[in-house]
Amino acid sequence: MSSLDYLLEKNRHWADSIVADDAEFFSRLAKQQAPDYLWIGCSDSRVPANQVVDLAPGEVFVHRNVGNLVVHSDLNCLSVLHYAVSALRVKHVLVVGHYGCGGVRAAMEGLRLGLVDNWLRHLQDVKDRYRDCLSAIDDVNERANRLCELNVIEQVAHVCSTTTVRDAWARGQQLVVHGWAYSLENGLVTDLGISISRERDIESAHLAALEKRLR
C-alpha cells in the first residue's frame, strides 16, 4: 500500500499557514458554522466551491454529485438541502454547473460508462426534452455548453419544487435559488438569469430563463 504521508505533510503546512495569518481561525471555525450559501455543484475536482467564489471554510455549505443534479428521490441531496435551509438557514442556494462537464458530455453522446449511466439518465432526460434546440447547434462543444445551461435551469426548478424550499417560503424565510455556470477555461461564473425567491415565480422565472437559452 502506498503511503499518503505527503498529503498529511501538506495538511500540516496548510494548517500552519492559516494560523500564521489568523491565530484564532480554527478555534473560531470550530465553534459554529453559519454559512449564507448552499452550493449544489458537480463532483468534478476542478470546481472547488469555496475557491471559485473566494470564500473561506465555513462560509459555503456544499453538496456535489455528478452533473449537479437535484433528483426528488435522492435522499442525500434532499437531506443536505433540508439541513442547509431549515437548520443553517442559508439565504441563497446556488445550483452551479460547469462548461466542459464530463457527465453532460456523456449524457449528450449517449456514452456507456457503467453504473453512473443510471444516474446520468436524469441528464439525458433534459437532453431529450430540449432535443430540437440542441440538435440545431452544429458545434459539439457549444451544444454541450448549452445542455449544461439547460440542465442548471431545470435543477433550479427542481430545488424550488421541493417541500423544503416551498415550506421555507411559506413561513416567510428569506431564501433565493440561483442558477450559475462556471468556466474551466477562465475561472469565471456566468449568471444564467434565473433567481427565484417565492413559489409563485417558479414557472415564470423558469420559462424566462429557458427562452434566453432556446433561441
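The values are calculated or read from the model by the stated rules, or taken from the named source; none is laboratory data. Keep in mind that what you see is a predicted model, and the values were worked out from it rather than measured. Neighbour counts are summed over all protein chains in view; Cβ atoms, including those assigned to glycine, are modelled from backbone coordinates with ideal geometry. Note: accessible area is taken over every heavy atom of the protein model, side chains too, but ligands, DNA and RNA are not part of it. Shrake-Rupley method; radii C 1.70, N 1.55, O 1.52, S 1.80 Å.
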Tell me the trypsin sites (Lys or Arg not before Pro) within region 1-80 that lie in a loop according to DSSP and have at most 12 other beta-carbon atoms within 10 Å.
46
Rg [Å, one decimal], Dmax [Å, integer] - region 131-215, C-alpha atoms
14.4, 47
Between region 97-137 and region 62-82, what is the C-alpha centre distance in whole Å?
18 Å
What percentage of all Cα-Cα pairs in region 39-89 are separated by more than 15 Å?
49 percent
If you average the C-alpha positions of region 166-215 and of region 3-55 separately, how far apart do those two centres end up, in angstrom?
27 Å
With each label point set 7 Å from Cα along the Cα-Cβ vector, what nm distance links residue 176 and residue 33?
2.3 nm
Length gained, residue 128-residue 6, 0.36 nm per residue minus C-alpha separation, equals 39.4 nm
Distant alpha-carbon pairs in region 1-89 (separation over 22 angstrom), percent
44 percent
Computed E for residue 167/residue 16 - FRET, C-beta separation, R0 41 angstrom, nearest 0.05
0.40
When each pair of different Cα atoms in region 26-157 is counted once in the 1/r mean, what is the Kirkwood radius in angstroms, to one decimal?
15.8 Å
Expressed as a whole percentage, what fraction of the accessible surface of the chain belongs to carbon and sulfur atoms when a 1.4 Å probe is rolled over the protein heavy atoms?
50 percent
Square roots of five times the C-alpha gyration tensor eigenvalues of region 82-182, ordered largest first and given in whole Å, equal 30, 14, 12
Counting heavy atoms of the protein chains only and a 1.4 Å probe, report the per residue accessible area for region 119-215 as a whole number of Å².
51 Å²
At a Förster radius of 41 Å, what calculated FRET efficiency corresponds to the Cβ-Cβ distance of residue 24 and residue 112, to the nearest 0.05?
0.20
Taking the Cβ of residue 141 as the center, what net charge do the other residues with Cβ under 14 Å away carry, scoring Lys and Arg +1 and Asp and Glu -1?
-3
Once the convex hull of the C-alpha atoms of region 11-58 is built, how many Å³ does it hold per residue, rounded to a whole number?
104 Å³
Sum of -39500 (n - 2.57) over DSSP H runs of 4+, divided by residues of the chain (222 nm, nearest 500):
-14500 deg cm²/dmol
GluC sites (Glu not before Pro) restricted to region 94-202 and DSSP loop, no more than 11 other C-beta within 10 Å:
185
Could you work out the percent of alpha carbon pairs in region 60-101 separated by over 15 Å, rounded to a whole number?
44 percent
Region 197-205 - phi-based ³J(HN,Hα) in whole Hz, Karplus 6.51/-1.76/1.60, Gly and Pro as x:
10, 7, 4, 5, 9, 4, 5, 5, 5
Taking every DSSP bridge whose two residues both lie in the chain, the antiparallel percent to the nearest 5 is 20 percent
Area of residue 22 that stays accessible when all protein chains are in place (1.4 Å probe, Å², to 10)
50 Å²
Output the relative contact order of the chain, whole-number percent, from Cα pairs under 8 angstrom with separation of 6+ residues.
19 percent
